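The values are calculated or read from the model by the stated rules, or taken from the named source; none is laboratory data. All of these numbers come straight from a predicted model, not from anything done at the bench. Cβ coordinates were reconstructed from backbone atoms using ideal geometry, including for glycine residues, and neighbour counts include every protein chain displayed.
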Amino acid sequence: MDVLDEFPDGVVIAGPDQKVEFVNPRILQMARADDTEMLGMHLSEAIPFDDLNGHSWYSMTRPYDGLNIRTRVSEQSWWSPRGSEYLITARLQRDRPGGTVERVIVSVRNAKVRNQRDRERSDLVATVAHELRSPLTGIKGFTSTLLTKWDRFSEEQRQLMLETVDSDADRLTRLITELLDAARIDAGRLTLRRGPVRIDDVVHHVLRSISAAGNSDQYDVEVGEDLEIVWGDADRITQVITNLIENAMRHGHGLKRVLVQNTQHPDYTGGVSLQIHDNGPGIPEEMRQRVFSRFWRSGPGAGSGLGMYIVRGIVEEHGGRIDIQDSEGGGAAIRIWLPINEPDALTD
């Protein structure tokens, strides 16, 4: 039973006489009992948990009788005499299939972790519903108005309404794409189409696209010499760099500096780093990990709150790292590092 002594859940084992013959330290801690206090106790007394109607676990599950084909008792919520919720399951060992129960092994765990996860899922659903409802409300409102009162509006007014509907539809599409990306990252199913990528080329492409959209920030771009080629997903890397640069321009009071260079680091075997500096107030050190949480948003005009979560997921899927530092002269500096990851077949 040495392994069960280290088991994180409470374990109680009762023999054919329904008396407890083993308890592990975790169940003693839960019951606040002495080492030998529970040994020899009837199983119904050792597991004094009730449901919300006051029915005991032992009387409801009847581990020693009932159907003789049972080999386990499904996990369910039960409450201790002190009112705490626990999850209890049991394994029934029989002398032969359909025979007499020789041993009942009961596992008891605190329900706090499960309840916390349930709350997190509920919060996630509520947040997603809120984010989806906002653009859908705009789309529904304008389309309904146009359908019922088309002749009351001028051509210019109808054009403005349709442009707003189109913009809300784009926003909805982006949000759904981000939600799908976040779900793939959570499930470990984010796939990469790897190929040779020059990070400096991606940076220049993103900056040209943003400048063409009307951004007039003044910033410096520095590219190191003999820059290594990274093997990764060009589209995903473009997504990362676009998100970081747009965040600097939108929320960091403007882009200040972009630096791309080969990087050697004690923790790394070699790769390429990208640093994006902004002119904002910076990000406090205690907040830097929260930035990468799902639905974390700060300041007016914030998006869905999934951008940085997805950025970190993509970078880590490439085997890279991302961190936030202070920029020299003020502001935040976000650095990503990507390993070269050249396929073995090309190095032979």
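Any residue in the range 36-44 that is under 38 Å from the mean Cα position of the chain (by Cα), surrounded by 11 or more Cβ atoms within 10 Å (Cβ to Cβ) and not in a loop (DSSP other than H, G, I, E, B)?
No, the conditions are met nowhere in the range 36-44.
Any idea how many residues of the range 73-93 are touching a residue at least 12 places away in the same chain (Cβ under 8 Å) and assigned to a loop (DSSP other than H, G, I, E, B)?
3
Among the listed residues R133, R103, R70, R96, which satisfies the condition of being out of contact with any helix residue (DSSP H, G or I) (no Cβ under 7 Å at 6 or more places or on another chain) and either assigned to a helix (DSSP H, G or I) or not assigned by TED's automatic domain parsing to the domain that holds G10 (or both)?
When all the criteria are applied, what remains is R133.
Inside the range 178-197, can you point out the residues that are surrounded by fewer than 17 Cβ atoms within 10 Å (Cβ to Cβ) and part of a loop (DSSP other than H, G, I, E, B)?
Selection gives G188, R189, T191, L192, R193, R194.
Could you list all residues from the range 200-220 that are touching a Lys or Arg at 6+ places or on another chain (Cβ under 8 Å) and surrounded by 13 or more Cβ atoms within 10 Å (Cβ to Cβ)?
Y219
Given the residues D34, D65, D50, which is the only one that is touching a helix residue (DSSP H, G or I) at 6+ places or on another chain (Cβ under 8 Å) and either at pLDDT below 90 or not assigned by TED's automatic domain parsing to the domain that holds D17 (or both)?
D34
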